[in-house]
Amino acid sequence: MITHIRVKNFKSWKDSGKVDLAPLTGFFGTNSSGKSSLLQMLLLLKQTTERSDAEEVIFFGNESSRVNLGSFHEVIHGHDSEATLGLEFGYKLKEACHIYIYEWKSDGVEGEFPKLINHFTFNMSIRDGWIGPLGYYCIGPEGNWMVEWKPPGRVYIDGDETGNYTVKNCYGRSDDSGDISLFELASAFEKLFANVHPLGATRVQPKRYYHWEGEDPEGVGQNGEDMITSLLNARVDQRTTLYEGQNVPIEERISWWLREMDLAYSFSIKRTTTSKHRDYDVLIQKGPDGAKVTLADMGYGLSQFLPVLVHCYYAPEGSTLILEQPGVHLHPKVQSQLADLLIEVVTERNLQILVESHSEHLLTRLQLRIAEQKISSDQTALYFCENDNGVSNIKPLDVDELGNITNWPANFFGNVRGDLVKMAREQMKRQKKAEDE
């Protein structure tokens, strides 16, 4: 699980400070407040690991990447080319593992020694496209130690210089074997981000039919483009999900949620009868007596939400999911039920979910479930982001065991109560005027 994140001089963030993450973390706030940027930091690192053979120190993206941030000049806060970009996160491993490092024995002979690690904090800095210091602060039952790389190519372990090591990107990957301590940690870095699965705010348009040739996708895709491919692959592999101690087919659990949310009575994927190719229809039945129609003929909200459902059940257990605006185009009732879905997969599937949302209904349902002890306040982390004259800042919401937010920001979701009071006053004025007439 990713335990915290921090950004410095990243887009609208001068310094976010340490942002602690939980199994279920929610980022709320006004438009352009910096919520998405915090999550883009993780996408930036993920897509850099996916281009480990490329020459970029850090891959800011292009039109086909997970996130396209342009260039260093566009990313750096205030477009200040003299500023230093800093990224940091903490990671708690699912299982402790050994990191092998080289050390010098007392007789001067170099040896390879394993050290057990179950947690590390990574931080790095880049200035005008050049790597600055990068380091891993490692925590394990055998003690804590620091592995750090400083230009122009020296590796330090707890301050002791161990040798030359040329790195090619921001997290320590190199073309040669280099110092094995940094090599092993860079590999752990890549394994971590291979288990981070994002879903963007804008999902693809539904199709009349879907083509599948047996592909085995990593997930539903950045915009949900592989949603049906994922389900078909899960069907062939007979993949299941855990629910109340039982292994349940993924499609069965998705169908249950669609009925529970009153989005569809039935959901099925069937081979087309009009094509010789491997094409499939996604058929939706709105009511028990209704006709089955394709996903393209249903409301837009369902087609935008279905990738969220598939994402939550197709991702491997223990993954970290990034969900941007999962409740977009949904009715307020369904936005509330979305909170129940997230709680289920966090507790049943051991997922970590980082969600960005504007939904008051989602937050209110989360507060209710905390009060009902369906999820503890310790398993959640809720934040409010805002932008003050071009600089983002973040405020943790203090949620007690009864679900109350004790430091509710002013106009968090607008001034709904104020509008109701004003409406009541206007009604009274009009009523009095009618009586006087």
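With each run of n ≥ 4 DSSP H residues scored as -39500 (n - 2.57), what mean residue ellipticity at 222 nm is computed for the chain after dividing by its residue count and rounding to the nearest 500 deg cm²/dmol?
On the way: 9 runs with 121 residues, N = 437.
Calculated mean residue ellipticity at 222 nm is -9000 deg cm²/dmol.
Considering only the other residues whose Cβ falls under 13 Å of the Cβ of Gln427, what net charge follows from Lys and Arg at +1 and Asp and Glu at -1? Could the numbers behind the result be given before it?
Values: positive: Lys422, Arg425, Lys429, Arg430, Lys432, Lys433; negative: Asp419, Glu426, Glu435.
Every neighbour counted, the sum reads +3.
Skip the ligands, DNA and RNA, and give the accessible area per residue of the range 197-240 with a 1.4 Å probe, whole Å². Could you put the intermediate results ahead of the total?
On the way: 2230 Å² over 44 residues.
Accessible area per residue: 51 Å².
Once the other residues with Cβ under 12 Å from the Cβ of Cys312 are scored (Lys, Arg +1; Asp, Glu -1), what is the net sum? Please list the in-between numbers first.
Details: positive: Arg253, Arg349; negative: Glu317, Asp340, Glu344, Glu348.
Net charge around Cys312: -2.
Count the net charge of all other residues whose Cβ sits under 14 Å from the Cβ of Asp436, scoring Lys and Arg as +1 and Asp and Glu as -1.
Details: positive: Lys429, Arg430, Lys432, Lys433; negative: Glu435, Glu437.
Counting the neighbours of Asp436, the net charge comes to +2.
Per residue, how much accessible surface does the range 319-437 expose to a 1.4 Å probe? Answer in Å², no decimals. The partial results should precede the final answer.
On the way: 6640 Å² over 119 residues.
Ligands and nucleic acids excluded, the result is 56 Å² per residue.
For Val355, what accessible surface area do you get with a 1.4 Å probe? Give it in Å², rounded to 10.
My reading of the accessible area for Val355 is about 10 Å².
Residues of the range 4-156: accessible area per residue at 1.4 Å, in Å²? Walk me through the numbers on the way to the answer.
Values: 6960 Å² over 153 residues.
Using a 1.4 Å probe on heavy atoms only, each residue of the range 4-156 averages 45 Å².
Using a 1.4 Å probe on the protein heavy atoms, what percent of the accessible area of the chain belongs to carbon and sulfur? The partial results should precede the final answer.
Working: 9950 of 21170 Å².
Summing carbon and sulfur atoms, their accessible area is 47 percent of the total for the chain.
For the range 1-54 and the range 249-299, what is the centre-to-centre distance using only Cα atoms, to the nearest Å?
If you average the Cα positions of each part, the centres end up 36 Å apart.
Setting aside same-chain residues fewer than 8 positions from Lys286, which lysines have a Cα under 29 Å from its Cα?
List returned: Lys207, Lys270, Lys276, Lys333.
The values are calculated or read from the model by the stated rules, or taken from the named source; none is laboratory data. Keep in mind it's a predicted model, so treat the numbers as computed, not measured. A quick note on method: Cβ atoms are made from the backbone with ideal geometry, for glycine too, and the neighbour counts reach across all protein chains shown. Note: accessible area is taken over every heavy atom of the protein model, side chains too, but ligands, DNA and RNA are not part of it. Shrake-Rupley method; radii C 1.70, N 1.55, O 1.52, S 1.80 Å.
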